């Protein structure tokens with residue numbers, strides 16, 4: 001490797017370290033915001049009076065919207081559990097991508113931990129997309145469960161969000177598997193030399 005090639009490589013590696021460090025801290029901040037917002041939403045749904053949320057403040061799942069003050073407490077607890085699971089899945093995906101950036105910052109491109117984090121990120125995104133798809137019907141049932149029979153509702157929706165997270169999750173899962181194979185091939189080639 002010539003001096004010029006070595007210099008260019010060092011510039012690329014420095015850029016990777018800097019962007020990875022920035023993204024690690026950016027994702028950390030986003031995770032903190034998701035945690036705070038998630039707790040506020042969960043407590044706000046479960047105990048709106050304690051957070052001084054107006055009883056006419058509404059909540060919606062799918063295309064069903066209803067004021068919080070009209071929903072019985074047990075149903076609000078169910079709705080807060082559904083919301084809490086969604087926030088948890090997002091946080092698990094976010095934590096794994098943070099770990100990927102942390103490992104990239106340390107120049108651990110093909111370490112088993114890096115590859116496991118890439119694969120886990122994909123798995124958690126797919127889990128979030130799947131949960132997001134089923135949370136609308138579950139949430140709509142919980143919102144209308146206290147209605148008389150015949151007025152209860154189940155609403156199924158599919159929007160671009162579920163599709164985006166599913167495709168991105170599948171891409172990251174596949175990317176992790178490909179990187180794992182590349183690392184195995186590189187290791188085999190080193191053993192032959």
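The values are calculated or read from the model by the stated rules, or taken from the named source; none is laboratory data. Model, not experiment: these values are computed from the prediction. As a convention, Cβ positions derive from the backbone with ideal geometry for all residues, glycine included, and neighbour counts pool all protein chains shown.
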Requested in this report: Select, from 143, 179, the only residue that is touching a strand residue (DSSP E or B) at 6+ places or on another chain (Cβ under 6 Å) and buried (at least 16 other Cβ atoms within 10 Å of the Cβ).
Outcome: 143
Report task. Go through the residues of the range 44-53 one by one and say whether even a single one is in contact with a strand residue (DSSP E or B) (Cβ under 7 Å, 6 or more places away or on another chain), in contact (Cβ under 8 Å) with a residue 24 or more places away in the chain and in a helix (DSSP H, G or I). Result -> yes
Report summary line: Among 113, 99, the single one that is within 30 Å of residue 16 (Cα to Cα), surrounded by fewer than 15 Cβ atoms within 10 Å (Cβ to Cβ) and within 20 Å of the chain's Cα centre (by Cα) is 113
Query - Condition met for residue 139 (over 25 Å from residue 173 (Cα atoms) and free of Cβ contacts under 8 Å to residues at least 40 places away in the same chain) - result: no
Requested in this report: Quick one: residue 174 ticks every box in (1) crowded, with 17+ Cβ neighbours inside 10 Å; (2) at pLDDT 95 or above; (3) over 13 Å from the mean Cα position of the chain (by Cα) except a single one, so which number is it?
Outcome: (1)
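I need a count of the residues in the range 62-101 that are within 27 Å of residue 148 (Cα to Cα) and either part of a helix (DSSP H, G or I) or touching a strand residue (DSSP E or B) at 6+ places or on another chain (Cβ under 9 Å) (or both). Even if it seems obvious, please write down each step before you answer.
Initially, the range 62-101 is screened for residues within 27 Å of residue 148 (Cα to Cα), giving 62-83.
Those still in the list that are either part of a helix (DSSP H, G or I) or touching a strand residue (DSSP E or B) at 6+ places or on another chain (Cβ under 9 Å) (or both) too: 65-71, 73-83.
Summing the residues that are within 27 Å of residue 148 (Cα to Cα) and either part of a helix (DSSP H, G or I) or touching a strand residue (DSSP E or B) at 6+ places or on another chain (Cβ under 9 Å) (or both) in the range 62-101 gives 18.
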